[in-house]
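I have placed the structure first, in the form of structure tokens, so that the comments after it can refer back to it.
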Amino acid sequence: MSRSPWAVLVVLAAWAACASGCGSSPPSTYYALSPTNGSAQPSLVRTVELRRPGIAGYLDRPEIVERIVDHRLRVADTQRWASPLDEMLGRVLAQDLEQRLAGSVVFTEDGAITADADATVEIDVRELGIGDDGRVSLVAELAVEKGASHVPAATRAIRLEGRERGASTSALVATMSDLVGQLADQVADLVAGRPGASGTEGASRAARAR
């Protein structure tokens with residue numbers, strides 16, 4: 001039984017439409033953290049090396065983890081980081097830190113600079129996202145070492161919180177950028193050895209996002 005030319009055309013049109021649309025997923029949107037300005041203070045520390053930040057395993061993915069509710073993650077499949085989160089955190093934090101430490105040069109472990117630094121900063125990010133209370137939080141541990149011999153100078157446990165600027169992913173990333181800037185404020189205090197910033201601090205510090 002032969003098919004009419006019109007029937008063949010209908011079948012080909014349906015196949016082409018399915019090839020272009022059937023089974024295709026929505027396009028992904030990519031986001032990046034941004035540096036934020038802070039209070040610039042003079043520093044005697046001329047060079048700072050920022051080690052690549054450690055991040056919790058659940059954050060180590062291309063998709064943005066939006067929320068943790070009832071011990072479950074809500075991950076936005078099409079809302080993705082523009083680069084690996086740990087690399088992005090290190091790059092943005094280095095920019096934030098250099099702006100706050102007037103006269104200092106801050107370089108990352110991943111960069112091309114390999115010079116000995118006056119201070120080395122290590123950061124472990126344990127939480128970044130929206131919790132059960134609806135607030136965006138950044139929980140981290142940080143340590144500062146001085147000189148080429150890496151003599152321990154200070155450690156601090158940090159918990160920062162802020163509210164989203166809106167319900168969109170862009171608003172969430174903007175709030176995260178604010179918290180990274182607040183983290184840079186505290187790192188700058190430790191690196192510069194400002195009053196009340198030295199030594200080991202076991203208690204977490206909370207800061208409200210502006």
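The values are calculated or read from the model by the stated rules, or taken from the named source; none is laboratory data. As the structure is a computational prediction, the values presented were derived from the model and not from experiment. Positions of Cβ are generated from backbone atoms using ideal geometry, with glycine treated the same way; all protein chains shown enter the neighbour counts. Heads up: the accessible areas ignore ligands, DNA and RNA and are worked out on the full protein's heavy atoms, side chains in. Shrake-Rupley method; radii C 1.70, N 1.55, O 1.52, S 1.80 Å.
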- Select from the stretch 139-156 the residues that are modelled with pLDDT of 90 or more, more than 13 Å from residue 188 (Cα to Cα) and among the β-branched types (Val, Ile, Thr) and list them in ascending order. 139
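Among the listed residues 180, 121, identify the single one that is part of a strand (DSSP E or B) and of a type in the set (A, V, I, L, M, F, W, C).
One residue alone meets the criteria, 121.
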- Query: In the stretch 140-154, how many are open to solvent by 30 Å² or more (accessible area, probe 1.4 Å) and part of a strand (DSSP E or B)?
  - Reply: 6
- Task: Scan the stretch 60-84 and report the pairs whose first residue is touching a residue at least 12 places away in the same chain (Cβ under 8 Å) and surrounded by 14 or more Cβ atoms within 10 Å (Cβ to Cβ) and whose second residue is of a type in the set (Val, Ile, Thr) and outside any strand (DSSP E or B), with Cβ atoms within less than 6 Å and a gap of 6+ or a chain change.
- Result: 79/169
- Message: Take the residues in the stretch 85-111 that are open to solvent by 40 Å² or more (accessible area, probe 1.4 Å) and of a type in the set (S, T, N, Q); name whichever of them is nearest to residue 26 (Cα to Cα).
- Response: 95
- Item | Selected residue (criterion: most open to solvent (accessible area, probe 1.4 Å)) from residues of the stretch 29-52 that are modelled with pLDDT under 90 and of a type in the set (S, T, N, Q) | 41
